[in-house]
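For reference, the structure is listed below as structure tokens.
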Amino acid sequence: MSFASRPGAGAGSPASTSVLVVEDEPAIATAVARRLSAEGWQVETVGDGLQAVDAAARLSPDVVVLDVMLPGIDGLEVCRRIQADRPVPVLMLTARDDETDMLIGLGVGADDYMTKPFSMRELVARVKALLRRQQRAALAAELAAGAPEAEPPVAVGDVVIDRAQRRVHRAGEEVHLTPTEFDLLLALAASPRTVLTRERLLAEVWDWVDASGTRTVDSHVKALRRKLGADLIRTVHGVGYALEPAGASAGGGPA
Ligand code: CA
């Protein structure tokens, strides 16, 4: 693999980018496939859960767009099975906002969620954001493998974030995060005790500038709290979130 000379360019040319679309409603599947193909991506569409698992194994797609309600096995199970095989960014299509919250609560492991109906422009923007993040993560992993000392672990209170290995420990216990949850935690940890707006987090973690996506931030904060402890991230209502190092509220370092 060669490094791109410009950030965000080069890695994964459109023609080599493959997107798997899993959707059982023919009208939506056709419209989505047509729009994504217009970006120059290789698009394959399947309408059933078991076919989706097979197609993911066969194609090794760069991104999966996955409807929740499917014949055969549902989108949750499809997501689990394809992620168990190989980590791949998943954009889940849901019917309602509360369904998104429910899925986050279950820790399904999707990277982003979009509620139907959605605009094709929004869909393309989110798929592009997932592709960019995946390329950045691949590049970071490659750099870290060459020079692990270049990215020392970040410690905030009792949370230790190993950027090179993309692993997280709290109080010595390893906590397994999805790639999106990891990036969100890292963004919060870059400025502990500082309130970061949902819009800023959306832009930093999701490469998103549209405020309509801030529910995605809320949902993933919920997932981080469930995995790392409810005390770690403080909500500032109407503004955003702040990471609060445990045991540091009295103004001191470790006891
Ligand atoms: Ca469906």
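The values are calculated or read from the model by the stated rules, or taken from the named source; none is laboratory data. The model shown is predicted, which means the values in this text are computed figures rather than measured ones. Cβ placement follows ideal geometry from the backbone for every residue including glycine, while neighbour counts extend to all protein chains displayed. With ligands, DNA and RNA removed, areas are computed over all heavy atoms of the protein, side chains included. Shrake-Rupley method; radii C 1.70, N 1.55, O 1.52, S 1.80 Å.
Residues considered: ASP183, ASP54, ASP111. Largest GNM mean-square fluctuation over the chain, using C-alpha springs under 10 Å, is found at ASP54. Summarised as an ellipsoid, region 82-126 has semi-axes of 19, 15, 6 Å, derived from the eigenvalues of the Cα gyration tensor scaled by 5 and square-rooted, with the largest first. For the chain, modelled as a GNM whose springs connect Cα atoms under 10 angstrom apart, the maximal fluctuation among ALA27, ALA138, ALA155 occurs at ALA27. Summarising the label geometry, the points placed 7 Å from Cα in the beta-carbon direction at MET69 and GLU173 lie 3.7 nm from one another. Surface calculation, 1.4 Å probe, protein heavy atoms: MET102 sits at approximately 100 Å² accessible.
Label-to-label distance for GLU77 and ALA246 is 3.6 nm, based on points extended 7 Å past Cα in the beta-carbon direction. Just the number, please: carbon plus sulfur as a percent of the accessible area of region 152-243, 1.4 Å probe, no ligands or DNA/RNA counted. Here it works out to 52 percent. The mean accessible area for residues of region 2-134, using a 1.4 Å probe and ignoring ligands and nucleic acids, is 46 Å² per residue. If I take R0 = 22 Å and measure r between the Cβ atoms of ARG225 and VAL195 in this structure, what FRET efficiency does the formula 1/(1 + (r/R0)^6) give, to the nearest 0.05? The calculated FRET efficiency here is 0.85. Compute the distance in nm between two label points, each set 7 Å from the Cα along the Cα-to-Cβ direction, one at GLU25 and one at ASP218. Distance between label points: 2.3 nm.
With helices as the sole contributors, the chain gives -13000 deg cm²/dmol at 222 nm; each DSSP H run of n ≥ 4 counts as -39500 (n - 2.57), and the sum is divided by every residue. Full extension of the segment from MET102 to ARG35, taken as 0.36 nm per residue of separation minus the current Cα-Cα distance, would add 21.3 nm. Each 10 Å bin from zero up to the one holding the largest Cα-Cα distance in region 152-243 carries the following percent of pairs: 17, 55, 25, 2. Shown in residue order for region 120-133 are the 3J(HN,Hα) couplings computed by the Karplus curve 6.51 cos²θ - 1.76 cosθ + 1.60 at θ = phi - 60°: 5, 5, 5, 4, 4, 4, 6, 5, 4, 4, 5, 5, 4, 5 Hz (x for Gly and Pro). The mean sequence separation of alpha-carbon pairs under 8 Å and at least six residues apart, normalised by the residue count of the chain, gives a relative contact order of 13 percent. Counting 0.36 nm for each residue step from ARG132 to ALA84 and taking away their Cα separation leaves a gain of 15.1 nm. The antiparallel fraction among DSSP beta bridges confined to the chain stands at about 50%.
If you take the Cα Rg of the chain and divide it by 2.2 N^0.38 Å, with N the number of residues, what do you get? Please list the in-between numbers first.
Values: Rg = 18.6 Å, N = 255, 2.2 N^0.38 = 18.1 Å.
Output field value: 1.03.
Entry note, region 152-243: relative contact order of 25 percent, from Cα contacts under 8 Å with a spacing of 6+ residues.
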